[in-house]
1. Output the residue which, of all residues in region 89-110 that are in a helix (DSSP H, G or I) and under 13 Å from G121 (Cα atoms), is farthest from the chain's Cα centre (by Cα).
2. When the residues of region 1-35 are filtered to those that are modelled with pLDDT under 90, among the polar types (S, T, N, Q) and not in a helix (DSSP H, G or I), which remaining residue is least open to solvent (accessible area, probe 1.4 Å)?
3. Could you list, in sequence order, all residues of region 59-74 that are open to solvent by 80 Å² or more (accessible area, probe 1.4 Å) and touching a helix residue (DSSP H, G or I) at 6+ places or on another chain (Cβ under 8 Å)?
4. Pairs needed: first member in region 15-38, in contact (Cβ under 8 Å) with a residue 40 or more places away in the chain; second member anywhere, part of a loop (DSSP other than H, G, I, E, B) and surrounded by 12 or more Cβ atoms within 10 Å (Cβ to Cβ); C-beta distance under 6 Å; at least 6 residues apart or different chains.
5. How many residues does region 111-129 hold that are among the hydrophobic types (A, V, I, L, M, F, W, C) and in a loop (DSSP other than H, G, I, E, B)?
6. Mind checking which pairs have a first residue in region 117-129 that is within 14 Å of A95 (Cα to Cα) and without any contact (Cβ under 8 Å) to a residue 40 or more places away in the chain and a second that is assigned to a helix (DSSP H, G or I) and open to solvent by 90 Å² or more (accessible area, probe 1.4 Å), Cβ under 8 Å, 6 or more apart or different chains?
7. When only residues in region 36-58 that are among the small types (G, A, S) and under 15 Å from T81 (Cα atoms) count, which is surrounded by the fewest Cβ atoms within 10 Å (Cβ to Cβ)?
8. Can you tell me which of (1) within 13 Å of the chain's Cα centre (by Cα); (2) closer than 22 Å to S17 by Cα; (3) of a type outside the set (S, T, Y) is the one D47 doesn't meet?
Amino acid sequence: MLGQIGYKYTIAPYTNSNFWVSLLRQANSGLADPNLLVDRVYLQCYDGGAGNNPASWASTLGLKVIPLVWVTNDSKPSYGTTVAQAKSKFTSWNAAGGLAGGGYWNDYDIEKNGLSYSQYGGVLTTVFP
């Protein structure tokens, strides 16, 4: 019913791809492709999802994904991503295919740590014009 009135949903997995494939099949069952109820995948590629391969997830799920990385932070510095690292990761993942863009988890850390929104944003507009 919600799909019929234009609602769209997203998922944000980081493990257990079989569960997410099942969920997508059930949610999108019987829908023509342009009318997918779940039409976006934000893939966690930091912390518990640090080893995720966006191209593999896109292939498995049958949808393009948007990988998310965690910016430089003081909460879990080992999962932080500098501007240069973000550019490298997004460029490599984009070349492998299956992406619909990229994004950052916790952009508040950019402000908190005195980093540059322009530089982090510039990575996205450069890699995903």
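1. I110
2. Per the criteria, the residue is N28.
3. Step one: list which residues in region 59-74 are open to solvent by 80 Å² or more (accessible area, probe 1.4 Å), which gives 59, 64, 74.
Result: K64, D74.
4. W20/P13
5. Taking region 111-129 first, the residues among the hydrophobic types (A, V, I, L, M, F, W, C) are 115, 123-124, 127-128.
Going one step further and asking which of them are in a loop (DSSP other than H, G, I, E, B), we end up with 115, 128.
Here the count works out to 2.
6. T126/K87
7. If we filter region 36-58 for residues that are among the small types (G, A, S), which is where we start, we get 48-51, 55-56, 58.
Next cut, under 15 Å from T81 (Cα atoms) only: 48-51.
Values: G48: 10, G49: 20, A50: 13, G51: 8.
If we take residues in region 36-58 being among the small types (G, A, S) and under 15 Å from T81 (Cα atoms), then G51 is surrounded by the fewest Cβ atoms within 10 Å (Cβ to Cβ).
8. With respect to (1) within 13 Å of the chain's Cα centre (by Cα); (2) closer than 22 Å to S17 by Cα; (3) of a type outside the set (S, T, Y), D47 is out only on (1).
The values are calculated or read from the model by the stated rules, or taken from the named source; none is laboratory data. Just so it is clear, the model here is predicted, and its values are computed rather than measured. FYI the Cβ positions are ideal-geometry reconstructions off the backbone, even for glycines, and counts take in every protein chain you see. With ligands, DNA and RNA removed, areas are computed over all heavy atoms of the protein, side chains included. Shrake-Rupley method; radii C 1.70, N 1.55, O 1.52, S 1.80 Å.
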